[in-house]
1. Could you grab the relative contact order for chain A? Cα pairs under 8 Å, six or more apart, rounded to a whole percent.
2. Quick check: the distance between the Cα centres of the stretch C:112-168 and the stretch B:135-149, to the nearest angstrom?
3. Of the options A:205, A:148, A:321, report the single residue whose Cα projects farthest towards the positive end of the charge dipole of chain A (beta-carbon charges: Lys, Arg +1; Asp, Glu -1).
4. How far, in degrees from 0 to 90, does helix A:275-285 lean away from the longest principal axis of the Cα atoms of chain A, to the nearest 10?
5. Could you pull the Cα extents of chain A along its three principal axes, largest to smallest, in whole Å?
6. If you split all Cα-Cα distances of the protein assembly as shown into 10 Å bins from zero, what percentages do you get per bin, shortest first?
7. Give the long-range amide H neighbours of residue A:161: residues separated by 5 or more places, or on another chain, with amide H under 5 Å away, using H modelled in the peptide plane at 1.01 Å from N.
8. Dipole of the stretch A:188-342 (Lys/Arg Cβ +1, Asp/Glu Cβ -1, origin at the Cα centre): which of A:307, A:242, A:265 lies farthest to the positive side?
Amino acid sequence: MKHWLLLLCLVVFCVPAVAGERLYIYNWTEYMPDEVLAEFQEETGIKVIYATYDSNESMYAKVKLTRGKGYDVVFPSTYFVHKMRKEGLLSPIDHDALTNFKHLDPALMDQPYDPGNTYSIPYVWGSTALAYNKDHVAPEMMTSWKDLWRPEFKNRLVMNDDLREVLGIGLIVNGFSVNETDPEHIETAYESIRKLMPNIRVFSGDSPKQPLLNLEAFAGMVWNGEAYMAAREFPAIQYAYPEEGAIFWVDSMVIPTGAENKKQAHAFIDFILKPEIAFQVCEYIGYAPANRTAIELMPEEMKNNPTIFPSAREVKKGEFQTDVGDAILVYERFWERLKTGM
Amino acid sequence: MNERQGFKFIAVFLNMAWFALFVLIPGLMVAGISFMTRDTGRFFSLPFTLAHYRELLDPVYARVLAQSLIYSLNTTILCLMISYPFAWILSRGPRHRRALLLMMVIIPFWTSSLIRTYALVILMKANGIINTLLIGTGIISDPLTLLYTDFAVYVGLVYTLLPFMILPLYAVMEKMDPRLMEAARDLGANGFDVFFRVVLPLSLPGVMAGCIMVFLPAMGLFYVPDLLGGAKTMLMGNFIKNQFLTAMNWPFGSAASVFLLLLMGVMILIYFIVSRHFNRYETL
Amino acid sequence: MTRWLKISWTTAVFAFLYGPLLVLMVFSFNHARYTTSWQGFSLKWYKSLVDNPQLLDAFVNSLTVALVSSLIATALGTLGAFAVSRYRFAGRKLFFGLVYSVMMSPDIVMGVSLLMLFVTAGLTPGFLTLLAAHVTFCLPFVIVMVHARISGFDPAVVDAARDLGAREQDVFFKIIFPMILPAVLAGWLLSFTLSLDDVIISFFVTGPGFEILPLKIYSMVKLGVTPEVNALCTVLFMLTLAAVCAAHILTKEIKK
C-alpha cells in the first residue's frame with residue numbers, strides 16, 4: 001500500500017513539470033477581461049494562472065509571505081509600487097523587451113514613485129468618486145463628498161475597503177490633502193469618518209458595485225470603472241465627481257523579485273501594451289488606459305465618457321495618491337478603530 | 001518479539017512525529033510569537049514583550065473580543081434551544097426511521113459551509129428570494145433589509161453550526177436507557193421531574209460537547225461575517241485574519257489566537273468535570 | 001397534541017436546514033440571471049461551468065489534494081488508532097490529548113499556526129503545504145473513528161492469532177484490518193469530504209497558482225456574479241450526498 005501511495009505522489013508532482021510555459025498573474029478582481037487572457041494564451045501558448053485580490057494590503061501581504069516568488073505579474077497602486085520598490089520586492093523591467101513601450105502616455109511616466117519606470121509599467125489610471133442609483137437618489141443630492149453624511153443615507157452606503165481612500169474622504173472634507181502625513185490631521189479625518197459609519201452599510205473591495213446592483217446600497221464611494229461596469233448592467237447607476245475633487249490613482253504592472261517566469265511576464269506586459277488590447281481592456285472595465293495610442297482607436301462616445309475620462313478640470317481639482325511613508329501606521333491605527341466599531 | 005517492536009515503532013513514531021511537527025510545534029510557535037515584537041520586514045522579531053496582550057485589553061480590541069463572545073454565546077444558546085427538542089424527538093422515534101433522519105442531519109453537516117452560507121445570501125439579498133416573494137405577494141412594498149446586518153450574521157452562524165449541536169446531543173440521547181425514565185415514573189415522578197432529574201443530567205455531556213463544537217468555531221468562522229455581515233461586524237475570526245494577512249502584525253494575531261486556545265482549554269476542562277460527575281449515572 | 005408538536009418541530013428544523021440549499025439548487029436551473037424572476041428551465045449555467053478553465057483547474061486541484069491527503073490521513077490514522085488501542089507507549093496520553101485538541105481547535109488557529117510554521121521554515125505556500133495541512137486536520141477524525149471500532153473487539157481473537165504464531169504485521173493486516181475496514185472507509189470518506197470543503201485553513205496555507213475550489217467559490221460569491229456559482233454548488237452538494245449515502249451503507253455493514 002505504501003508503494004502505491006509513493007507512485008501516486010510521484011505522478012502528481014511530475015505533472016506540473018511536464019506542462020508548458022506558464023505565467024502567474026495576481027490582479028485586482030474585475031480588472032482584466034477573460035477574452036484578453038484567452039487571446040494572450042492563444043497567441044503565445046503560455047498558460048495563464050490568474051489569482052485576484054481585493055486590496056493593496058492583502059496583495060502586499062501575500063507577496064511578502066511568498067517572498068516575491070510564485071507571482072510573475074502583479075498590479076499595485078502607486079504608493080505600493082514605491083513601498084515594494086524600497087523593500088526590494090520588485091525586479092527591474094527590461095524596457096528593450098517591450099516593443100510596445102512607445103505607446104505609453106509620457107504624462108504618466110517617470111513619476112516620483114518610480115523614477116524612470118525601472119520597476120513598473122503603468123496599466124490604467126482612474127478615480128475614486130461618488131456613485132449613486134438615480135432611481136432612489138436625486139442628482140442634486142450627490143455633488144459633494146459631504147453629501148455622504150446625509151441622514152437619508154443611513155445604512156445605505158457602500159464604500160471601498162481601502163484605508164487610504166476612506167480616510168482620504170475624511171481628509172478632503174476637512175480641507176486637507178489625501179496624502180496627509182500629520183497625525184493630528186489624520187485624527188480629524190478619523191473623527192469625521194466615525195460620524196459617517198452609521199451610514200455605511202458595507203465595505204467592499206472585491207466588487208463595490210454589487211451592493212448598488214443588489215439594491216442593498218443606494219450610493220457610495222467607488223472606483224470609476226466599477227460605476228462604468230454597473231451602469232452597463234443597470235443604467236440607473238450614475239457616477240459623479242464631487243466639487244471638492246476626486247481621488248486619482250495609477251495602477252502599474254510589476255514583476256516581483258522571485259518571479260520564475262520573467263520572460264513570459266515581459267511578453268505579457270508587452271501584450272497588454274498593444275493598443276488594440278489596451279482598448280479592449282478599457283472597453284470592458286472602464287478605466288482609462290495608460291496607452292496613448294489606444295485612445296485614438298476609441299469611438300467618440302467612449303472618448304467623451306466622463307466616467308472613463310474625466311475632464312482636465314476635474315483632474316486639476318482632484319489629487320493623485322502618493323506615498324505617505326511611515327504615516328501609514330497612523331492611518332492603519334485609525335482604520336482598525338473604525339472597523340472594530342469605535 | 002522484534003517485529004512487534006518494529007511495527008509498533010513505525011506506527012507510533014509516524015503518528016507522533018506528524019503531530020509533533022504539524023500540531024505541537026506550530027502551537028508553540030503561536031504562543032512564542034505572541035510575545036515578540038511586530039516587524040514589518042521579517043514578520044516578527046525580538047525583544048520579548050507583553051505589549052500585545054495589553055493591547056488585547058485596550059478598549060478598541062477588547063470590544064471585538066466581547067462582541068465575538070456575545071455572538072458565540074447567543075449562537076450557542078440558539079442552537080441548543082433548537083437542537084435539544086429536535087435531538088430528543090429524533091432519538092425517541094421508531095428505530096427504522098432514526099437512521100434515515102440521522103442521515104438527513106449528517107448531509108448538511110458534511111456539506112461545505114461556504115455553500116450553505118451562499119445559499120443564505122441568495123435568500124436574503126434585497127433582490128433575493130425572500131424579498132421577491134414578500135413583495136410579489138404584496139405583503140410588503142419595500143424590500144426588507146436582511147443582508148449585511150447583525151441578524152444575517154446570526155442566521156448564518158446558527159445555520160452553519162446547527163448540525164454540530166444536533167449530533168452530539170443525539171449521540172448521548174440515543175444511548176439513554178428508556179428503563180431509567182420508566183423507573184422514575186414508576187416511583188411516582190411526574191414529567192417535569194423525569195426531565196429535570198433524569199434526562200437533563202444524563203444529557204449534560206452531550207450538551208457540553210455540542211456547546212464546545214458551536215461556541216469555538218463561531219468565534220473563528222470569518223467568512224460568515226465577511227459574506228453576510230455589514231461594515232461593523234468584526235468578529236475574532238476576521239480580526240485574526242486581518243492581523244496576519246493585512247495588518248501584518250503577527251505577534252498581535254498570535255496573542256488573539258492564544259486567547260482562543262485558552263478559551264478552548266477552559267471549555268474542555270469544564271466538559272471533563274461535567275462528564276466525570278455525571279458519568280456515575282451512566283451505567284446501571 | 002404532542003405528536004403533532006413533534007412533527008412540526010422536526011419539519012421546521014429540516015425545512016431550515018434544507019430550504020436555502022433547495023432554493024440554491026432550483027435557481028441554478030433558472031434561465032434568468034437574477035432570482036427576481038423565473039425565466040424557464042435551463043442548463044446554461046452548467047454549460048458555462050464546463051467552459052470555465054479556471055474553475056475546472058480549481059476543481060481538479062481540490063480533488064487531487066482531497067484524494068492524496070485523505071489517503072495519507074487514512075493510512076496514518078489507521079496505524080495510529082491501532083497503535084493507541086493495542087500498545088502502551090510513552091506519551092500515549094499526550095497523543096490522545098493532541099488528537100482531541102486538533103478536533104476541537106478552531107480552524108483559524110490551526111490555519112495561522114501552520115502558516116507560521118511554513119513561512120518560518122522558508123517554505124513557499126503551495127501544494128505541499130496545503131497537503132500537509134489537510135492531512136493534519138483529517139487525521140484525528142480517522143483515528144477516533146477507527147479507534148472506536150477497534151475498541152469494540154474481543155481481544156481474545158487477536159491473542160489466539162498470536163498464540164498460533166502470527167507476526168505483528170499479519171495480526172494487523174489479516175485480522176484486524178478486515179474487521180475495521182468499514183470504519184477505515186468511513187474515515188476516508190469523511191477526510192475526503194472535509195478536505196474538499198475546507199475554507200479557513202486552506203485560506204492561510206495555499207499559495208499562488210494553486211487555486212482550490214472552496215476559495216474560488218469564496219471569491220465568486222464575493223463578486224456575486226452569475227448563477228454559475230449556484231450550478232457549481234449544486235454539483236458539489238450532489239457529491240456530498242453521494243458520499244454520505246456511501247458512508248451510511250458502510251456503517252450498516254458495521255452493524256451486521
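Since every read-out is calculated from the coordinates, none of them should be taken as a lab result. Source: prediction; values computed, not measured. Glycine gets a Cβ as well: all are built from the backbone with ideal geometry, and neighbour counts include every protein chain shown.
1. The value is 27 percent.
2. 50 Å
3. Most positive-ward Cα: A:205.
4. 50 degrees
5. 67, 52, 39 Å, listed from the longest principal axis down.
6. Percent of Cα pairs in each bin: 2, 11, 21, 24, 20, 12, 6, 3, 1, 0.
7. Amide H neighbours of residue A:161: A:204, A:205.
8. A:242
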